[in-house]
Amino acid sequence: MHRTTIMLPAELKARAVKRAKDMDISLEDLIRDALAAALKDGKKQEEIDPFFADIAVYDGTAPKDGVKNLDHYLYDNL
């Protein structure tokens, strides 16, 4: 392994330390696991997460006023 130094905002480091403690692992293991997951299979974020890939979730016709009346279409039938 190679030693690497990174700079983290205090709040991010505190959250990471808490998460590692909650998972009963070291901060180093948490960072290695997160980095490995982010670089999984050498794929870009767009290829891993459908949100970033802009993959359609809805496979039907969309109303022409969908953006203008988004709240109506999302929440009126709840």
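Side notes on the structure shown:
- Contour minus Cα-Cα distance for residue 76 and residue 2 (0.36 nm per residue): 21.1 nm
- Fully extending the segment from residue 17 to residue 65 would add 12.7 nm, taking 0.36 nm per residue of separation and subtracting the current Cα-Cα distance.
None of the figures in this text is laboratory data; all of them are computed from the coordinates on show. Please read these numbers as outputs of a predicted model, since none were measured by experiment.
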